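Okay, structure first, notes after.
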Amino acid sequence: MVPFLRWVGGKQRLLGELEPYFNRCGSQTFIDLFCGAGSVSAHFCGNFSTVVMNDINPKLINCFVCVRDHLEEVVKLLDAFWDHYRHEDKEYVYERAKGLFNQVNDGPVSAACLIFLNKTGFNGLYRVNQRGEYNVAFGKLDNPLIYDMNNLLEWSFFLKNVQLICSDFEEIKLSKGDFVYVDPPYVGSETKYGGFDFDWYEQVRLLEYLLELNREGIKILYSNSAFMSHKAWFEGFDIKYVPVARSIAQEAVDRGISTEILVSNLG
């Protein structure tokens, strides 16, 4: 099962590096604090009795909810989008879908718009302006795969056994022994995340929060772009650096091989 959305910072190519941490955490409850397209939760769900997917982007969480609960309606809407896309001016259809997405905040229409825009917009980006409006440019794709029905069916089934939350990371209720995967926006990336600012102040707030979780006995795995001050923040933690190929980013210079840091307190 692969993500049905393209997402900046997606972890499909890092799953092999993450697997040893998931295999030895020994927890029953897993919380994906910045779930994005959900690749980590979907891949490792069999390791846990309870899986929680959280993201601060309400339209992303709505999309998961609708794939879970209203898949037939979402697919009908996607088929309608695709029919227009094939037979009309493609950029015009894209801009109409973008306008509709900015008008509708939840429900199957919003979910279908997100999937369609994600597959036809520029490089799979999710970006909003200061007014919170989705403003990614048209991707100029002639024949994109909008959805794979078998994959969507798998996701719909998987999501029925997942707790979906849309919340700030500090508001998630955790218990001693829980395992938390933390994959925030990259240090040095654009500061808008799901329509909210995620600047250096937010990065520091997150790091302070993780240190508090460690003191409370919460099991942590944190990943981010490698940054020099990470070592100072995580003294005493297990730290590993891994090369990762990035294929989704706004600027071409940000694609290619980069170095990520993996930090854990699993011992």
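FYI, it's all coordinate maths here, none of it is from the lab. Here the structure is a predicted model, which is why all the values come from computation and not from measurement. Positions of Cβ are backbone-derived with ideal geometry, glycine not excepted, and every protein chain shown enters the neighbour counts.
Charge tally around Gln163: other residues with Cβ under 15 Å, Lys/Arg +1 each, Asp/Glu -1 each, net -2.
In the chain, the DSSP beta bridges split such that about 55 percent are antiparallel, to the nearest 5.
Full extension of the chain between Glu235 and Ser258 gives 6.0 nm of extra length, using 0.36 nm per residue less the Cα-Cα distance.
So what is the relative contact order of the stretch 64-156, in percent, for Cα pairs below 8 Å that sit 6 or more residues apart?
32 percent.
For the stretch 1-98, what's the relative contact order in percent, using C-alpha pairs closer than 8 Å and at least 6 residues apart? About 21 percent, as a whole number. Here the stretch 64-156 is assigned +1 on the Cβ of each Lys and Arg and -1 on the Cβ of each Asp and Glu. Its dipole about the Cα centre then comes out at about 340 debye. Close amide H pairs (under 5 Å, H built 1.01 Å from N) link Cys35 with Asn54, Asp55, residues at least 5 positions away or on another chain.
Using unit Cβ charges (K, R positive; D, E negative) and no other charged atoms, how large, in debye to the nearest 20, is the dipole of the chain about its Cα centre?
340 debye
In plain terms, the residue of Thr120, Thr50, Thr259 with the fewest other Cβ atoms within 10 Å comes first and the most crowded comes last, giving Thr259, Thr50, Thr120. As a rough footprinting exposure proxy, the listed residues Met53, Met149 were ranked by other beta carbons within 10 Å of their own, and the order from fewest upward is Met149, Met53. Distance between the pseudo-spin-label points of Glu17 and Asn47 (7 Å out from Cα toward the beta carbon): 1.5 nm.
Among Gly121, Gln203, His43, which residue has its Cα furthest toward the positive end of the charge dipole of the chain, with +1 on Lys/Arg Cβ and -1 on Asp/Glu Cβ? The listed residue farthest towards the positive side: His43. Other residues with beta-carbon under 12 Å from the beta-carbon of Glu95 carry, at +1 per Lys or Arg and -1 per Asp or Glu, a net charge of 0. Bridgeable aspartates and glutamates around Lys240 (alpha carbons under 14 Å apart, same-chain partners fewer than 8 residues away excluded): Glu17, Glu19, Glu260.
The modelled label-to-label distance for the pair Tyr209/Asn135, using points 7 Å beyond Cα in the direction of Cβ, is 2.6 nm. The stretch between Gln28 and Ile172 holds 50.2 nm of extra length on full extension. This uses 0.36 nm per residue minus the Cα-Cα distance.
Using only side-chain charges placed at the Cβ, +1 for Lys and Arg and -1 for Asp and Glu, the dipole size of the stretch 33-101 relative to its Cα centre rounds to 200 debye. Say a paramagnetic label sat at a point 7 Å from the Cα of Asp89, along Cα to Cβ; which residues of the stretch 118-140 have their backbone N under 16 Å from it? Label zone hits: 138-140. With neighbour counts taken as other beta-carbon atoms within 10 Å, the residues Arg215, Arg96 rank, fewest first, as Arg215, Arg96. Take every Cα pair under 8 Å whose residues are at least 6 apart in sequence, average their separation, divide by the length of the stretch 77-225, and the relative contact order is 19 percent. Beyond 31 Å between alpha-carbons counts as too far, so tell me which of Lys11/Lys219; Lys59/Lys140; Lys98/Lys176; Lys140/Lys231 fall in that bin. Exceeds cut-off: Lys98/Lys176; Lys140/Lys231.
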